[in-house]
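First up is the structure itself, then whatever we jot down about it.
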Amino acid sequence: MFPSPLFRDRVEAGAILGRRLGGEIEDSGVVVLALPRGGVPVGFEIAHALHAELDVFLVRKLGAPGREELAMGAIASGGIRVLNEDIIRELRIPNEAVERATAREREEIARRERLYREGRPAAAIEGRTAVLVDDGLATGATMLAAARAVRLRSPRRLVVAVPVASPQACEDFREQVDQVFCLTTPQPFYAVGAWYEDFAQTTDAEVRELLERAAHERVGRGGTA
């Protein structure tokens, strides 16, 4: 039996998660790092609730050849790569195919960095509480790549926050970051989109608009863009 949605859309999920985080994270200078595209509407609501800076953190899934929906790994800004060795071994994926996918997605990360920020510099992370956000965690491969890449930039604390996650993915992250917030961990999990009434793809234009709105809100509060 297909599950009943838990959230109307990403905006509602982000607002609910933002209220939860507002009672848990009281640090000043928090930076919310949203994984495009679907994590950005969630991250916008969280940044609004925390009066925090919002930025994107680029991560791309490395799809298995012929089965692109299956992640054989992920690559993040800064070149950090996480591979699912079990899938690579099980499907006998040659190293050349892994490297081709890596090069392709590295180019896409660079393209999106330019597109989304429109000349704005990346948010400073060193010494701050960084909150990594997505619309959900299934295997957690892309978020793991992001977490490892962010850790290299020396945040004071590293937090992962999502509206919904598989129980295993949520538990796995407790050993990877300083704090994990998974609003709900349904079992069986099915897929992230199963828990949203509206899970339409977030567009590049929507990502750019939300980042611009967040920057203007921050300036309005006396921060810097």
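The values are calculated or read from the model by the stated rules, or taken from the named source; none is laboratory data. Since we're looking at a predicted model, the values are computed, not measured. FYI the Cβ positions are ideal-geometry reconstructions off the backbone, even for glycines, and counts take in every protein chain you see.
From the list 207, 162, 150, which one is β-branched (Val, Ile, Thr), closer than 19 Å to residue 37 by Cα and in contact with a Cys (Cβ under 7 Å, 6 or more places away or on another chain)?
Working: 207 fails: in contact with a Cys (Cβ under 7 Å, 6 or more places away or on another chain); 150 fails: in contact with a Cys (Cβ under 7 Å, 6 or more places away or on another chain).
Being β-branched (Val, Ile, Thr), closer than 19 Å to residue 37 by Cα and in contact with a Cys (Cβ under 7 Å, 6 or more places away or on another chain) holds for just one of 207, 162, 150, which is 162.
Within the stretch 49-70, which residues are buried (at least 21 other Cβ atoms within 10 Å of the Cβ), more than 29 Å from residue 16 (Cα to Cα) and either hydroxyl-bearing (Ser, Thr, Tyr) or touching a helix residue (DSSP H, G or I) at 6+ places or on another chain (Cβ under 6 Å) (or both)?
The one that is buried (at least 21 other Cβ atoms within 10 Å of the Cβ), more than 29 Å from residue 16 (Cα to Cα) and either hydroxyl-bearing (Ser, Thr, Tyr) or touching a helix residue (DSSP H, G or I) at 6+ places or on another chain (Cβ under 6 Å) (or both): 62.
Kindly list the number of the only condition in (1) over 20 Å from residue 188 (Cβ atoms); (2) at pLDDT 95 or above that fails for residue 162.
The number of the failed condition is (1).
Yes or no, residue by residue, for (1) of a type outside the set (Lys, Arg); (2) within 28 Å of residue 209 (Cβ to Cβ):
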residue	(1), (2)
10	no, yes
32	yes, yes
64	yes, no
70	yes, no
77	yes, yes
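Report yes if residue 146 is crowded, with 21+ Cβ neighbours inside 10 Å, in contact (Cβ under 8 Å) with a residue 60 or more places away in the chain and either assigned to a loop (DSSP other than H, G, I, E, B) or in contact with a strand residue (DSSP E or B) (Cβ under 9 Å, 6 or more places away or on another chain) (or both), otherwise no. Spell out how you get there, then give the answer.
On the way: crowded, with 21+ Cβ neighbours inside 10 Å: yes; in contact (Cβ under 8 Å) with a residue 60 or more places away in the chain: yes; either assigned to a loop (DSSP other than H, G, I, E, B) or in contact with a strand residue (DSSP E or B) (Cβ under 9 Å, 6 or more places away or on another chain) (or both): yes.
Considered against the rule, which asks whether it is crowded, with 21+ Cβ neighbours inside 10 Å, in contact (Cβ under 8 Å) with a residue 60 or more places away in the chain and either assigned to a loop (DSSP other than H, G, I, E, B) or in contact with a strand residue (DSSP E or B) (Cβ under 9 Å, 6 or more places away or on another chain) (or both), residue 146 comes out as yes.
Looking for something modelled with pLDDT under 95, over 15 Å from residue 46 (Cα atoms), in contact with a Leu (Cβ under 7 Å, 6 or more places away or on another chain) and not in a loop (DSSP other than H, G, I, E, B) - is there at least one such residue anywhere in the stretch 184-204?
Scanning the stretch 184-204, I find at least one residue that is modelled with pLDDT under 95, over 15 Å from residue 46 (Cα atoms), in contact with a Leu (Cβ under 7 Å, 6 or more places away or on another chain) and not in a loop (DSSP other than H, G, I, E, B), so the answer is yes.
Say whether the condition of being surrounded by 18 or more Cβ atoms within 10 Å (Cβ to Cβ), charged (D, E, K, R), in a helix (DSSP H, G or I) and touching a residue at least 24 places away in the same chain (Cβ under 8 Å) is met by at least one residue in the stretch 100-109.
yes
Taking the criterion of being touching a Gly at 6+ places or on another chain (Cβ under 9 Å), modelled with pLDDT of 90 or more and in a strand (DSSP E or B), would at least one residue in the stretch 67-77 satisfy it? Before the answer, list the steps.
Start the filter on the stretch 67-77 by keeping residues that are touching a Gly at 6+ places or on another chain (Cβ under 9 Å), which leaves 69-72.
So of that shortlist, the ones also modelled with pLDDT of 90 or more come out as 72.
Subset that is in a strand (DSSP E or B): 72.
The answer is yes; a qualifying residue exists.
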